[in-house]
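Here is the structure we will look at, set down as structure tokens.
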Amino acid sequence: MTTTESARDAPELSPPDYDVVVVGAGLGGIYAVNRFVKDGLTVFGVEAGGDVGGVWYHNRYPGARVDVEAYFYSYFDEELYREWQWQERYPTQPEILRYLNFAADRLDVRRHFHFDTWMTGAKWHPESNSYTVTTDTGLTVTTRFLVMTSGQLSKPRKPNFAGIDDFEGEWYQTSQWPEHDIDFSGKRVGVVGTGSSGVQTITAIAPLAGELVVFQRTANYTIPAVNGPIDSQRYGQIAEGVDATWGEMLAHPGGALTPLPTRAAFDYSDVERAQVLEERWAYGGHAMNAVFTDQGTNMASNDIVSEFVRSKIRQLVDDPATAETLSPVDYPIGSRRLCVCSGYYETFNRENVSLVDIKNDPIVRITPSGVQTESGHVDLDVLIFAIGFDAFTGALDNANVANERGSHPSDNWKRGPRTYLGLMTTEFPNLFIVTGPGSPSVLINFFAGNVQHIDFVADLIGYMNEHAYTRVEPDVRAQDAWTQHVADVSSRLLRLNVENYMVHVNRDDNTRVFMPFAGGLPAYIARCDEIVANGYEGFVFDETFAAALTGASLGAQADSVVVGS
Ligand code: NAP
């Protein structure tokens, strides 16, 4: 069938209201809107929060700060980089939120977003190759492309503990922290959860509370950040040549210029090994994940790093029993995301802080006056849940994106996510999942991941416009091959065998899928480049309806937004 014949047979169609709907005004959404507008596309942004910021808007709990160095946790736009001055090596949430507001203003993206607006669904219409997007504020728009910059760690897990509704004190979640100040003085505060959010909030609240009780299920390897003021000379040097540093970041497996390991553990002498461990500890943070080249795959090598960190915990915590409870012993370091802290272990030397090991003494229920564990009751005025997110699929499920048959992306992912490059999934044309499962995602600096993905998507849309294509979706064979590649790359990793939010476990046969692509950013980019060089190999374009849209200039300003339908 020729294009002319298909046009004659096709129904009369009006063009979609927008070229792109961008969901989420975090660091990805801000960049996406700017890039798409620059490309001449019409953009409609939706954000549930009251302003820009994404996770940095919602996670405003005390102590919240990033664990990527600020030199790299930035947009590598010459003007933006030069005009901003970070205060700290690891900035706090308020500073990051100010930065994202500054970037949103400078990039002039705010006017494209509808804030306090929850996307209630999107439905694909094959006859017009467009989605209809609905919101809780009554807006309904149609769009050619749907770009999810809603993040992989943005749907909070609900604290569904028995009795939670009976609690007569105040309770909060770190991931949905209120905007108003909370007075902890003289209060008995409990924190459930000791991941990155828990570690930070515990450290910050301990000096403010009357009493602080930490409920720990799994001890985490928590590494001091070695935070301090930003080195303005170093920052200034990067500002003089942002492109060069950006290039180096894209050539780094983690998308940020942290030290990389150079040798396997047993290629060092005992003395050298001890020295390199101390060097990494002194550098701080995620550098502890990169002491030896084989620590992620060789248990003996990993044991050396794990035991080194446990020895530091024993040095930092005065009470030996508390130190032991805080020491992770049953999984290798790096197999769950490292926590990065500023004085976490020392917090347990405070008179007003105590630790409850809920692995051995589980929470039975929340009572009107506190927490009942198997062995006793803890009286509390305030309860804080730092229990994490429904990672990878949560935000996407929340957005309720449906294809023409009414199914949702994760309906096809019962045995683990299946994507092409982590960006698209079959049967969902024109839907882009930024930093999705199958991309490096949570394993790398989110600035690097988001910008790389959005540039790829924008270039792909540009390619489609050049060729008058209106529909793209991955070929199932390409998706299968990429999904297999993602699995192969992680097959030797120790972390595949440890349960955490990055591993999908099929309970019937205990098969596991490591959801992010663990091959590093350069390998990922190389594959993306190869795909582009081969004419977007693995993507299927459908031009059937292109001709039907003649008269509708692709990229023209939208003039019809249906309100309230
Ligand atoms: P998380 O790492 O998933 O930690 C959740 C914590 O809550 C764990 O200690 C978990 O225990 C505990 N928990 C969950 N359900 C529980 C239950 N029913 N009863 C008792 N304990 C329960 O979540 P997160 O701390 O929010 O961090 C998630 C990710 O967000 C991080 O890995 C990081 O990528 C990102 N993040 C980054 C920063 C930063 O940049 N500094 C800060 C915050 C978050 P188990 O381990 O036993 O499941």
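The values are calculated or read from the model by the stated rules, or taken from the named source; none is laboratory data. Please read these numbers as outputs of a predicted model, since none were measured by experiment. Here the Cβ positions follow ideal geometry from the backbone for every residue, glycine too, while neighbour counts run over all protein chains shown.
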Please give the number of the condition ARG217 fails out of (1) buried (at least 20 other Cβ atoms within 10 Å of the Cβ); (2) within 14 Å of the ligand (Cβ to nearest atom); (3) closer than 28 Å to ARG314 by Cβ; (4) not polar (S, T, N, Q). (1)
Would you tally the residues in the stretch 335-364 being away from the ligand (no atom under 12 Å from the Cβ) and either closer than 28 Å to LEU496 by Cα or of a type outside the set (S, T, N, Q) (or both)? 9
Taking the condition under 25 Å from PRO207 (Cα atoms) and in contact with a strand residue (DSSP E or B) (Cβ under 8 Å, 6 or more places away or on another chain), does VAL364 pass? no
The correct count of residues that are in a helix (DSSP H, G or I), among the hydrophobic types (A, V, I, L, M, F, W, C) and farther than 17 Å from VAL22 by Cβ in the stretch 415-446 is 2
Matching option when the condition is closer than 25 Å to THR201 by Cα and either within 16 Å of the ligand (Cβ to nearest atom) or more than 28 Å from the chain's Cα centre (by Cα) (or both), among ALA265, ALA323, ALA300: ALA323
Starting from the stretch 122-135, take each residue that is free of Cβ contacts under 8 Å to residues at least 24 places away in the same chain and under 13 Å from ASN403 (Cβ atoms) and list its partners that are surrounded by 18 or more Cβ atoms within 10 Å (Cβ to Cβ) and hydrophobic (A, V, I, L, M, F, W, C), counting only C-beta distances under 9 angstrom and pairs at least six apart or across chains. THR132/ALA122; THR132/TRP124; THR132/VAL141
Could you tell me which of the residues ASP455, ASP459 is surrounded by fewer than 23 Cβ atoms within 10 Å (Cβ to Cβ), acidic (Asp, Glu) and either modelled with pLDDT under 95 or within 19 Å of SER74 (Cβ to Cβ) (or both)? ASP455
Quick one: which residue in GLU466, GLU473 is charged (D, E, K, R) and buried (at least 19 other Cβ atoms within 10 Å of the Cβ)? GLU473
For the list (1) in contact with a Pro (Cβ under 8 Å, 6 or more places away or on another chain); (2) modelled with pLDDT under 95, I need the number of the one condition that GLU179 fails. (1)
Scanning for something under 25 Å from ASN302 (Cβ atoms) and in contact with a strand residue (DSSP E or B) (Cβ under 6 Å, 6 or more places away or on another chain), does the stretch 414-436 turn up at least one residue? yes
Per the filter on the stretch 38-91, residues within 15 Å of the ligand (Cβ to nearest atom), of a type in the set (A, V, I, L, M) and assigned to a helix (DSSP H, G or I) are VAL55
Name, by its number, the condition in (1) touching a residue at least 60 places away in the same chain (Cβ under 8 Å); (2) surrounded by fewer than 17 Cβ atoms within 10 Å (Cβ to Cβ); (3) outside any loop (DSSP other than H, G, I, E, B) that does not hold for VAL309. (2)
For the stretch 195-217, pairs from a residue that is assigned to a helix (DSSP H, G or I) to a residue that is within 12 Å of the ligand (Cβ to nearest atom) and among the charged types (D, E, K, R), with Cβ under 7 Å and 6 or more apart or across chains, are SER196/ASP67; SER196/ARG337; GLN200/ARG65
Taking the options ALA290, ALA251, name whichever one is more than 16 Å from the ligand (Cβ to nearest atom), in contact with a Pro (Cβ under 6 Å, 6 or more places away or on another chain) and modelled with pLDDT under 95. ALA290
If you go through the stretch 383-401 one residue at a time, how many are away from the ligand (no atom under 12 Å from the Cβ) and out of contact with any helix residue (DSSP H, G or I) (no Cβ under 9 Å at 6 or more places or on another chain)? 4
Flagged pairs (Cβ under 8 angstrom, 6 or more apart or on separate chains; first in the stretch 255-279, more than 13 Å from ILE304 (Cβ to Cβ) and without any contact (Cβ under 8 Å) to a residue 60 or more places away in the chain; second among the aliphatic types (A, V, I, L, M) and surrounded by 13 or more Cβ atoms within 10 Å (Cβ to Cβ)) are PRO259/ALA287; PRO259/ALA290; LEU260/ALA290
Log entry, pairs with first residue in the stretch 358-380 being closer than 16 Å to GLY193 by Cα, second being among the hydroxyl-bearing types (Ser, Thr, Tyr), beta carbons closer than 7 Å, six or more apart or on different chains, reads ILE358/THR373; LYS359/THR218; ASP361/THR373; ASP361/SER375; PRO362/THR373; ILE363/THR373; VAL364/THR373
Hey, can you tell me all the residues within the stretch 385-408 that are at pLDDT below 95, outside any loop (DSSP other than H, G, I, E, B) and touching a strand residue (DSSP E or B) at 6+ places or on another chain (Cβ under 8 Å)? PHE389, ALA395, LEU396, ALA399
Of THR222, THR245, which residue is of a type in the set (S, T, N, Q), more than 16 Å from the ligand (Cβ to nearest atom) and either within 28 Å of the chain's Cα centre (by Cα) or at pLDDT below 95 (or both)? THR245
Specify which of the listed residues (GLY190, GLY198, GLY163) is within 15 Å of the ligand (Cβ to nearest atom), within 18 Å of the chain's Cα centre (by Cα) and of a type outside the set (Val, Ile, Thr). GLY198
